[in-house]
Amino acid sequence: MSFNTTSRLANALLLMLPVIGCVVWFFLKVFQFQTSPEQYSDGMVILQLSKGWLEGRPFLFDTIYGNHAQQHNYYFIPLIGIFTKPLGVNGLFLAYVCLVGLFFYVYHRSFARFGITERWAVWLTALVYVFGPMAYFMYLDYFGWHPEQYFVPLLAFLALSAAQRKWSAFIIWLILTFLLKESSIVLICCLFVFFSVVDSIMQDPAKHWVSYLLSKRNATIIGISVALFLAGLWWLSHLNGAKPSRLNQAFANTQLDATLFYYIAFSLVVGALTFGLALIPFIPWLRLFPRKGLIIWTLAGGYTILLVMFATEALYYFPTIYPGISYPPRISGLWAFMFSAFIYLSYRGAQAGFMPGREASGWILTGCVLQFILATFLVAHHFTFETKPSTLSKNVSYMIQSRFGFDPYPDGLARQLHGFAKAMPAGSEVVVPFHYLRYFERVYPSFWPSDGQLPAYILGKPMMLVYEKNLIGSGVYPKIPGNGYTAIPNEHLFILADSSWYNQTFK
């Protein structure tokens, strides 16, 4: 095989890697949701928030927390309903990989007019950011799924459109990012200040460093961002009324003791190491860039603000030190910020003729190896790959039987319960033991609370009630209804289905 042929094949493989990565990423979450012992309650909540409004339920309402708008400004998530209404929880993952795949398509086209060195340097770097070891553990998100996962593609699009000066696309991605969560504006602000400093240095690298930071443009960015951030917090407070907000509860959980000291120390260590890993790809691009020290310090300043913000969010669960800042939804926001900053710097640098040099690939490889070593410490996770032949054989068998996850739960109780959910009308509610939630992703499950009462956020008559037989009579469940339900035979569960629905559907 000739050198040219080998080179073309290598180039084709590199171009196909995002496609392969998106396919692998999608099925990774599909099988994680279906087979892992974790219950993914947060993933079920986000699923309900995304599609509930399309099925006649209140906007941003779920069966676990009720009015979720009182906790977060998750106004981007309902847009994902176009994926989740037909596909269930898999739609959350498909929406993510579609955004990522679209980004790589646009990213490749955007560098078409630059030299081969810049093209492959940014391409490989983006692949490591999005599909590398750090991204792998962030994407696993062992509580299921959170809106913060979408920070990676949304901020990447925002940075690229800003670097290209494509203002129509920029406004679209800006709005979508802003609607993702109340904290989105802080990421946007830090990113915009970084953009501003980079542009100012490229225009005139000879000014005093203070003038780059204390400019009218930066003051405007910060002023508007602070106003929007406070408005978002006010809106949450308004919706909560007399109830304390999550931020107030977070500070109420905090005490000045040794635990807080350890929490701060742990957060700083994780934050510093993550920043160092994410900074490595910048080094080849900063080699000839003017005022590289100021650029790094600006990047570090924005990163520190975000680290403090995410660490403060984690205080809601204090005194839990781990996962804290390592929790995938939080650390992925930091990672997305660094990735989007790299996108902007590399594109603007290439426009100005600042080339990364041939050593770029070495830096990329070094960063990837260090990620492989440190990622399991930096990102909280429970999920691991099994390597035993018997386990691998079992997993392959499951993949085939479940038609790669599109016909989940091939047999047993799981298939029966999942089949009931598929047969129920849209918007139906069920009440089940907590560890059976996942089988009812097509409808709206609640779980039996520990106080033996009915769940608090049932909107109507449940279509199905599921009890564990060995717990009936122990006070775990409220009084079992006697009318309007039909008992379905099962060895381990006592299942009551709405009589009208059951007779119409199964008899």
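The values are calculated or read from the model by the stated rules, or taken from the named source; none is laboratory data. Since this is a predicted model, take the numbers as computed values, not measurements. Neighbour counts run over all protein chains shown; Cβ positions are idealised from the backbone, glycine included. Heads up: the accessible areas ignore ligands, DNA and RNA and are worked out on the full protein's heavy atoms, side chains in. Shrake-Rupley method; radii C 1.70, N 1.55, O 1.52, S 1.80 Å.
A few points about this structure:
- Long-range neighbours under 7 Å by Cβ, at least six apart or interchain, first residue within 10 Å of Tyr439 (Cα to Cα) within segment 402-427, second among the small types (Gly, Ala, Ser) and part of a loop (DSSP other than H, G, I, E, B): Pro408/Ser402
- Total residues in segment 281-300, condition touching a residue at least 12 places away in the same chain (Cβ under 8 Å) and closer than 30 Å to Phe261 by Cβ: 4
- Positions within segment 41-67 being open to solvent by 10 Å² or more (accessible area, probe 1.4 Å) and of a type outside the set (Val, Ile, Thr), in sequence order: Ser41, Asp42, Trp53, Leu54, Glu55, Gly56, Arg57, Pro58, Phe59, Phe61, Tyr65, Asn67
- Scan of segment 215-256 for residues that are over 27 Å from Gly301 (Cα atoms), in contact with an Asp or Glu (Cβ under 9 Å, 6 or more places away or on another chain) and open to solvent by less than 90 Å² (accessible area, probe 1.4 Å), ordered by number: Leu236
- Residues located in segment 428-452, provided they are among the small types (Gly, Ala, Ser), buried (at least 16 other Cβ atoms within 10 Å of the Cβ) and either out of contact with any Phe, Trp or Tyr (no Cβ under 7 Å at 6 or more places or on another chain) or over 20 Å from Asn90 (Cβ atoms) (or both): Ser446
- Note on segment 52-78: residues that are in a helix (DSSP H, G or I), closer than 25 Å to Ser161 by Cβ and in contact (Cβ under 8 Å) with a residue 60 or more places away in the chain amount to 1.
- Set Ala206, Ala219: member being among the small types (Gly, Ala, Ser) and not in a helix (DSSP H, G or I): Ala206
- Members of segment 469-495 that are in contact with a helix residue (DSSP H, G or I) (Cβ under 9 Å, 6 or more places away or on another chain) and closer than 23 Å to Ser450 by Cα: Tyr477, His492, Leu493, Phe494, Ile495
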